[in-house]
Amino acid sequence: MEQVEVQETPSIVLSKEVLALGQESEGWKALRSKVREACETRGYFLVEYSEITSQHQEEVLRGMKAIFDVPQETKTKHMNKPGHLVYIGQTQLPLYESIGIFGEDHVEETQALADLKWPEGNNEGNNVNFCEVVNSMNSKLKDLNFVLMRLIFEAFGIGKHYEFEAEKTTDSLRATKYRAPTENGNQNETLGLTAHVDKNTLSTLCENGVPGLEVLHDDEGQWRPLPIPKGSWLVLLGNVFEVWTNGLLHGVRHRVMMSGDKERYSYGCFSTPREGVTMEVPPELVDNDHPALYRPFIYSDFLAIHGRSPSFDILKTYAGI
Ligand SMILES: O=C(O)CCC(=O)C(=O)O
Ligand SMILES: [Fe+2]
């Protein structure tokens, strides 16, 4: 009988021991090869990161659920402060709602969310607890994304550019809620989030045990469900790595499909070049056989163009040579 191939999601472990490995150690080199393969073949992989417990993930997801539970009017009116908080809800995607947290260290923004939910201040410790839990998560996630970015830079032989690019990188957080389709009287699978490629560097996500995320495997033209195990993080490559690797890597197409009667919550960290940063193909990855595929461009100009006319090929159309 023909065997049906079960494709496991590539995964890596970043334990305390691994994080302490020297750059030239065999263990770190093996990790780099594994990351390189996962990035080249899939564009995504799972990470077990010892610095963030599964309980901490649950606390953040629970805290964000409480924030989503504030009255709709409060969310629409008070969660839209460009550059700080961005609430998206009540769009053509009936199941989707998200809260984007921007700003430099996100502390002020997290406090603003807590104040909307617990305006009386310390409501039996909730307000203080929420801020502590979310602030410490955000700073650990930021560290994780930098470790991952360094690993990928080293894996593609451009490690010497890491420090320079890391200096020019910032991040934002996003909590997303997907209502259960049955809440809208729909028994069928329903689109939660439209297919897209993240425009940023890399995105790291967790979920509340309710699956829904799917990735497109280009070679098969097939959408595959991608559940994120509790305690793990899913890393998705975005458009920026296409430029940094001169087309060796591709941002991964993903979407969310919801079914059943459970709400899904996700929380993620999105690393992004800072305002005004120039994107360029590293010279190490250019030679006669591999000409530069992209011209230098300002990242925020690319984002603005994408905002006006989103498409999967926007990077190639905008900056492709
Ligand atoms: O909620 C998810 O799992 C995916 C969210 C996502 O793709 C995004 O916010 O860009
Ligand atoms: Fe995304």
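Among GLU242, GLU275, which is the only one that is open to solvent by less than 70 Å² (accessible area, probe 1.4 Å) and not in a strand (DSSP E or B)?
GLU242 is the lone residue from the list that is open to solvent by less than 70 Å² (accessible area, probe 1.4 Å) and not in a strand (DSSP E or B).
Would you call PHE312 of a type in the set (Phe, Trp, Tyr), assigned to a loop (DSSP other than H, G, I, E, B) and within 14 Å of ligand 2 (Cβ to nearest atom)? So PHE312 passes the test. Screening segment 200-220 for residues that are at pLDDT below 95 and closer than 15 Å to TYR44 by Cα and picking the one that is farthest from ligand 1 (Cβ to nearest atom) gives ASP219.
The rows are residues; the columns are (1) out of contact with any Ser or Thr (no Cβ under 7 Å at 6 or more places or on another chain); (2) open to solvent by less than 40 Å² (accessible area, probe 1.4 Å).
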position: VAL107; (1), (2): yes, no
position: THR110; (1), (2): yes, yes
position: CYS131; (1), (2): no, yes
position: MET137; (1), (2): yes, yes
position: PHE156; (1), (2): no, yes
position: THR170; (1), (2): no, yes
position: GLU189; (1), (2): no, no
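Here are ASN200, ASN239, ASN208, ASN184: which of them is among the polar types (S, T, N, Q), within 15 Å of ligand 2 (Cβ to nearest atom) and touching a Ser or Thr at 6+ places or on another chain (Cβ under 8 Å)?
Residue meeting the stated conditions: ASN200.
Can you find a residue in segment 295-303 that is open to solvent by less than 60 Å² (accessible area, probe 1.4 Å), hydroxyl-bearing (Ser, Thr, Tyr) and part of a helix (DSSP H, G or I)? Yes, there is a match, as at least one residue in segment 295-303 is open to solvent by less than 60 Å² (accessible area, probe 1.4 Å), hydroxyl-bearing (Ser, Thr, Tyr) and part of a helix (DSSP H, G or I). From the list GLY83, GLY43, the one residue that fits, being open to solvent by 30 Å² or more (accessible area, probe 1.4 Å), on the phi > 0 side of the Ramachandran plot and within 21 Å of the chain's Cα centre (by Cα), is GLY83.
The values are calculated or read from the model by the stated rules, or taken from the named source; none is laboratory data. Predicted model, so just to flag it, every value in this text is computed and none were measured. Positions of Cβ are backbone-derived with ideal geometry, glycine not excepted, and every protein chain shown enters the neighbour counts. Protein only, heavy atoms only, side chains kept; ligands, DNA and RNA dropped before computing areas. Shrake-Rupley method; radii C 1.70, N 1.55, O 1.52, S 1.80 Å.
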